[in-house]
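A quick write-up on the structure given underneath.
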Amino acid sequence: MKKNNKSVIIGEVPALGLVFADVLAVGVLIVLLLLAYSFFFQPAHLQTLYTRTHQNTLLNEFEGAFGAEIGAGSIRNEIEGNQIRWGFHSNLLYANGSEVLSESGRRILNRCSKALEQIPDSLYQQIQVIVFTKGGQLPDESILRRGGMSDYFDLAAQRAKNTTNYLVRNTQTVSANHFNSSMQRVAANALDDRKVEMVIYLH
């Protein structure tokens, strides 16, 4: 007696649940892509990313030029929002009681200029040189009194101006209009008063 052998053909069409899961996954992926596009490709966000990229370029250039001094703590390198701050003890740039840049000070500023030249001029909003001081009268025997200075505010203001002028002359690809100088008073008990700081504002 022969038995009828019936073949059962298993269909290749996926189960309805699997199809729904695939459609859902694709839908979620599309939503995520749209959200990412709306966030990252808005003009404001693109500008922020562009600015951050060039901030990192400046930081890397500066750290490459002053790695030893930063490690020793004599030079500072910080970033705050759209600002970069490079801080130097004033003795690195000026001899004690002098408003004339020292030879080593000029070499330091030359290295700063090379770092500044690594990003487009159009990105700079302002490069401000600030010299900090506690103030007080210059000694009676100071030769600076012969030039019309009477106190350390005058000395700080002149140092800020001289530092700025040197940077303007030696930073070839950055417009002079971006540079500015100022003097800033610190509290009488401040420890970090003899300081020259370069604050770089990017758009």
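The values are calculated or read from the model by the stated rules, or taken from the named source; none is laboratory data. Keep in mind that what you see is a predicted model, and the values were worked out from it rather than measured. With ideal geometry, Cβ positions are generated from the backbone for all residues, glycine too; neighbour counts draw on all protein chains shown. Only protein heavy atoms, including side chains, enter the accessible area calculation; ligands, DNA and RNA are left aside. Shrake-Rupley method; radii C 1.70, N 1.55, O 1.52, S 1.80 Å.
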Matching residues in the range 144-172 (within 24 Å of N77 (Cβ to Cβ), touching a Leu at 6+ places or on another chain (Cβ under 8 Å) and in a loop (DSSP other than H, G, I, E, B)) number 1
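Could you tell me whether the range 79-95 includes any residue that is charged (D, E, K, R) and within 16 Å of F179 (Cβ to Cβ)?
Within the range 79-95, one or more residues are charged (D, E, K, R) and within 16 Å of F179 (Cβ to Cβ).
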V174 meets each of (1) under 17 Å from R106 (Cα atoms); (2) under 21 Å from the mean Cα position of the chain (by Cα) with one exception, condition (1)
Checked pairs for the range 94-112, first open to solvent by less than 40 Å² (accessible area, probe 1.4 Å), second in a helix (DSSP H, G or I) and among the basic types (K, R), C-beta under 9 Å and 6 or more apart or across chains, list as Y94/R159; S98/R159; L101/R159
Of (1) modelled with pLDDT under 90; (2) under 26 Å from N177 (Cβ atoms), L34 fails just (2)
Scanning the range 173-183 for residues that are touching a Ser or Thr at 6+ places or on another chain (Cβ under 8 Å) and open to solvent by 30 Å² or more (accessible area, probe 1.4 Å), the one farthest from G73 (Cα to Cα) turns out to be N180
Would the range 138-158 turn up any residue that is among the β-branched types (V, I, T), out of contact with any Ser or Thr (no Cβ under 7 Å at 6 or more places or on another chain) and surrounded by 16 or more Cβ atoms within 10 Å (Cβ to Cβ)? no
Of those in the range 173-203 that are charged (D, E, K, R), in contact with a strand residue (DSSP E or B) (Cβ under 6 Å, 6 or more places away or on another chain) and part of a strand (DSSP E or B), the residue nearest to A115 (Cα to Cα) is E197
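Quick test for you: out of N82, N77, pick the one residue that is of a type in the set (S, T, N, Q), at pLDDT below 90 and within 18 Å of Q128 (Cβ to Cβ). Walk me through it before giving the result.
Details: N77 fails: at pLDDT below 90.
Just one listed residue meets the conditions, N82.
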